[in-house]
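The values are calculated or read from the model by the stated rules, or taken from the named source; none is laboratory data. Predicted, not measured: the structure shown is a model, and the values here were computed from it. Ideal geometry is used to build each Cβ from the backbone, glycine not excepted, and the neighbour counts take in all protein chains shown.
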Amino acid sequence: MISQITFIAVTIITFGFLSYSFSKVFKVIKSLKKPYSISNFGERIVMTLKVVFGQTKIFRFPIIGLMHALVFWGFILIVIGSGEMLLDGILGVPFDNLPENDRSFSVLGTVYDFIMAGGDVSAFVILLTVSVFIFRRLFLNIKRFSGEEVRHKDHKDATFALFLILFLMITLLGMNIGYVANATASGHEIYGIFPVSSYLSTFFISFSAETLHIFELTNWWSHILLIFFFANYLPFSKHFHVFMSIPNVYFSRTEPLTKMNNMKSVTAEVELMMNPDAPLPEEDPDAEPERFGMKDVGDGTWKNYIDSLACTQCGRCTSVCPANLTGKKLSPRKVVLDYRRRTEEKMSSKTKDVSKELYPDYTSYEELWACTTCNACSQECPINIDHPSMILEMRRYIFMEEAAAPSLINSMSSNIENNGAPWQYSVADRFNWASDLFPDTENKQKISVPLMSDLAAQGKNPEYLFWVGSAGSYDDRAKKITRSFVKILDYAKVDYACLGTEETDSGDNAKRAGNEFLFQMQAMQIIEILKGYGIKKIVTCDPHEYNTIKNEYPELGADFEIIHHSKLISDLISDNKIQVSGTKFEHEKITFHDPCYLGRGNNEYKNPRLIIKKLTDNFTEPEKTKSRSLCCGAGGTQMFKEAEKGDKEIYELRTEELLKTSCNIIATACPMCATMITDGTKMKEKEEIKVLDIAELIALSLI
C-alpha cells in the first residue's frame with residue numbers, strides 16, 4: 001500500500017511539472033499572433049505517417065538512418081509497455097508479487113505477446129545502437145555535430161540524454177529478466193513473450209524467487225523513475241524533439257519547398273494602388289500597425305516556434321548548406337536555434353534584455369544575405385523544419401522596414417521598377433533576342449517569333465504563351481537558351497506566342513530579396529495582362545519563373561497551367577514531333593546539374609534525364625544529384641549581389657563536383673545555372689567542357 005501511494009504521488013508530481021512546462025510553451029504559442037494557415041488535413045496525415053512513422057527522410061543516410069529508425073520504432077513499442085507500467089503502478093500490481101494480479105494489458109492476448117516481444121528485442125537493439133551513438137559522440141569527430149551555435153552545454157546535454165536512454169534500456173531488460181526468472185522460479189505463468197530476457201534469465205536461475213522479485217522491483221522502480229525524470233528533463237534540453245517532432249511534421253508545409261508565402265496586408269495595399277476606386281478595407285482602429293517581416297521572435301508564427309523546439313541539432317541542414325560548405329557564416333541550424341534561444345531569453349524574467357532582438361543580436365545581416373534559398377536545408381531536415389522562411393521574413397524586415405538591403409539589391413529593385421528587369425536595360429530591348437533568328441546555320445530562312453498582340457488582333461489565341469523571363473531576354477548566356485528553345489518550338493510546329501516588350505519581370509528576385517510590394521505589383525500587372533489575352537497555358541525555360549507563376553501567383557488571382565520546357569520537350573519527343581540525331585552526342589559523356597527550383601522545389605527530375613538519354617548512352621550522375629544536388633549559387637538574389645566572405649564561390653564548388661565525373665558536357669535546365677557553371681569552368685580553366693541547356697542540346701541535334 002505504501003509503495004502504491006508513493007507511486008501515485010510521484011506520478012502526480014511528474015505530470016504536474018510536465019504540464020507546467022507545456023503550459024509555458026502554449027503561452028508562447030498563444031502570444032504569436034501572425035497567422036499560419038493549416039489545410040490539406042488528409043495530406044498532412046499521409047505526410048506524418050511517411051516522415052515520422054516511416055522515417056523516410058532519416059533513410060537519406062541509409063546506415064545511420066536505419067539505426068535511428070530502429071530506435072524510434074523500438075520506442076513506440078516500449079512506450080506501450082510504459083503505459084502498462086503506469087497503470088500497473090496505480091493499481092499496485094508490481095508491489096504484491098501475486099500472479100493473479102499480473103500485467104494489466106495481458107488481456108490483449110496475441111497482440112500483447114507481440115508488443116512485449118517487440119519491446120524486449122527493441123530494448124536490446126536500442127542498447128546496442130545507443131552505445132554506438134555514444135561512441136560516435138565521444139570519440140569520433142563528426143563535423144556536423146559541431147559549429148558556432150552548438151555550445152559545450154549542448155554537447156553535454158546530448159551525451160547525458162544518450163546515457164539516460166542507455167540506462168532506460170538496461171533497467172527495462174533488468175525488469176524483464178527479473179520478471180521471467182521470478183515467474184519461472186515461482187512456477188507462475190509468464191504473461192507475454194520475452195525473447196532476449198528469457199535467454200538472459202537463464203543466468204539467474206540460481207537465485208531465489210524472493211531475490212528475483214527484489215531484483216525485478218528494483219529495476220521496475222529505476223525504469224519508471226528514469227522515464228519520469230527523462231520526460232521532465234526533455235523540455236529543457238535539445239531532446240525536446242521527442243515530444244515536438246510529430247506535431248512539427250504534421251503542421252509542416254505541404255506546398256513546394258520553394259514557394260514563399262504572400263503577405264496579405266501587402267496584397268490589400270497593392271490592389272488599392274492598382275484600383276484606386278475600390279472601397280477601402282475596414283480597419284480596426286485599436287489594432288497595432290503590422291510590422292513587415294520579422295525582427296524579433298514576436299513577429300514570427302507559432303510554427304516558427306515549434307520548429308525551434310523540434311530541432312534535434314543533428315546538423316544535417318548545415319552540412320548541406322552551400323553557403324556553409326563554402327566557408328560563409330550562414331548555418332541554417334543556427335538560425336533555428338537563435339529563434340529558440342531568443343524566445344527562451346524573453347520568457348525568462350531573470351535574463352530578459354529588452355535591448356536585444358532576434359535580428360541582428362542573434363542572427364546577423366551577413367548570415368541572412370548568404371542564403372541562396374536553395375532549400376537543401378529543409379529538404380534534408382528529418383522533421384521538416386522550414387529554415388528559409390525565417391531567413392526570408394528577416395530579409396523582408398531589412399528591406400521594407402529598414403531599407404537596408406545590400407546596395408546592389410537596391411539597384412536591382414530600382415531597375416525592375418523602372419525597366420521591368422533586374423538590369424539597367426531599356427524595355428524596348430526585351431525582344432531583341434528574337435532578331436536574326438535562324439533554325440540552323442545552313443538554312444537562312446528567318447524564324448518569325450509570333451507575338452500575342454498580333455495574334456489577338458487576328459482573333460487568334462495560341463495554345464502556349466512562351467514566358468521568356470528577364471534572364472532569357474537580356475542575359476547574353478541565357479538568350480542562347482531562349483533562341484534554341486524557339487528553334488525547337490518552330491521545328492515541332494508548336495502553336496505558341498510571346499509577349500515581346502509587353503513582358504515584364506515576374507518579381508521572383510524582388511520577393512526573395514524581401515521587397516514584397518514590388519513583387520506583388522509586378523505579379524498583379526502580369527496577371528492582368530495574361531488574363532486580358534485569355535492565356536491558359538504557359539511554358540518557360542526558367543525554373544525560377546516557373547516556380548513563381550505556378551506556386552505564388554495563384555493566391556493573387558492567377559489561373560494558368562505552367563510547364564517547364566523540359567516537360568514540353570520530353571513530350572514532343574515522345575509524340576515523335578521532334579526527331580533528333582543519334583550521332584551528334586553519342587560519343588560525349590554528359591552529366592546533369594539539377595536546378596534547385598526545378599528539382600527540390602518542384603520535384604522535376606525525370607524529364608531532363610529522359611531528354612539527355614535520347615542523345616547519348618554515356619550519361620553520368622554527379623555525386624550530389626537530384627534532391628541532393630548542390631546549388632549553383634545564383635538563387636535567392638545572389639546573382640545580383642556580391643557574395644559574402646567565404647573560402648570559395650558556391651558555383652566554383654559545384655563546378656568542381658561536376659568536373660569529377662570526367663564529362664565532356666555539363667547539361668542543365670536553368671538559364672542562371674548555365675551562367676554560373678559556365679563561369680565555374682572558366683575559373684577552373686576547363687573551357688573545353690561545354691555547359692549546355694537541354695534546349696541547346698536538342699536544338700543542335702534536330703534532324
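Here are some notes:
- Phe72, sole failed condition from (1) surrounded by 13 or more Cβ atoms within 10 Å (Cβ to Cβ); (2) touching a residue at least 24 places away in the same chain (Cβ under 8 Å); (3) assigned to a helix (DSSP H, G or I): (2)
- Condition check for Pro595: touching a Ser or Thr at 6+ places or on another chain (Cβ under 6 Å), crowded, with 17+ Cβ neighbours inside 10 Å and either modelled with pLDDT of 95 or more or not assigned by TED's automatic domain parsing to the domain that holds Thr661 (or both): no
- Just one residue in the set Ile134, Ile170, Ile190 is surrounded by fewer than 21 Cβ atoms within 10 Å (Cβ to Cβ) and either free of Cβ contacts under 8 Å to residues at least 12 places away in the same chain or of a type in the set (Ser, Thr, Tyr) (or both); that residue is Ile190.
- Filter result for Ser31 (within 17 Å of Leu234 (Cβ to Cβ), at pLDDT below 95 and either surrounded by 12 or more Cβ atoms within 10 Å (Cβ to Cβ) or touching a Leu at 6+ places or on another chain (Cβ under 6 Å) (or both)): no
- Candidate set: region 33-69, residues that are in contact with a Gly (Cβ under 7 Å, 6 or more places away or on another chain) and in a helix (DSSP H, G or I); chosen: the one farthest from Asn262 (Cα to Cα): Phe59
- Residue ID - nearest to Phe236 (Cα to Cα), chosen from residues in region 15-26 that are in contact (Cβ under 8 Å) with a residue 12 or more places away in the chain and not β-branched (Val, Ile, Thr): Ser21
- Scoring His564 on the criteria (1) at pLDDT below 95; (2) crowded, with 24+ Cβ neighbours inside 10 Å leaves a single failure, condition (1).
- Being assigned to a helix (DSSP H, G or I), free of Cβ contacts under 8 Å to residues at least 40 places away in the same chain and either closer than 22 Å to Ile573 by Cβ or charged (D, E, K, R) (or both) holds for only one residue in Asp679, Asp617, and it is Asp679.
- The criterion of being aliphatic (A, V, I, L, M) and over 25 Å from Cys673 (Cα atoms) does not hold for Ile488.
- Just one of the listed residues (Phe160, Phe133) is within 28 Å of the chain's Cα centre (by Cα), part of a helix (DSSP H, G or I) and closer than 24 Å to Arg333 by Cα, namely Phe133.
- Some residue of region 632-649 being within 24 Å of the chain's Cα centre (by Cα), touching a residue at least 12 places away in the same chain (Cβ under 8 Å) and under 19 Å from Ile590 (Cβ atoms): yes
- Residues (hydroxyl-bearing (Ser, Thr, Tyr), modelled with pLDDT of 95 or more and part of a helix (DSSP H, G or I)) located in region 309-352: Thr318, Ser319, Tyr339
- Any hit, region 6-14, residues being under 17 Å from Tyr191 (Cβ atoms), touching a residue at least 40 places away in the same chain (Cβ under 8 Å), assigned to a helix (DSSP H, G or I) and outside the structural domain of Ser378 (by TED's automatic domain parsing): no
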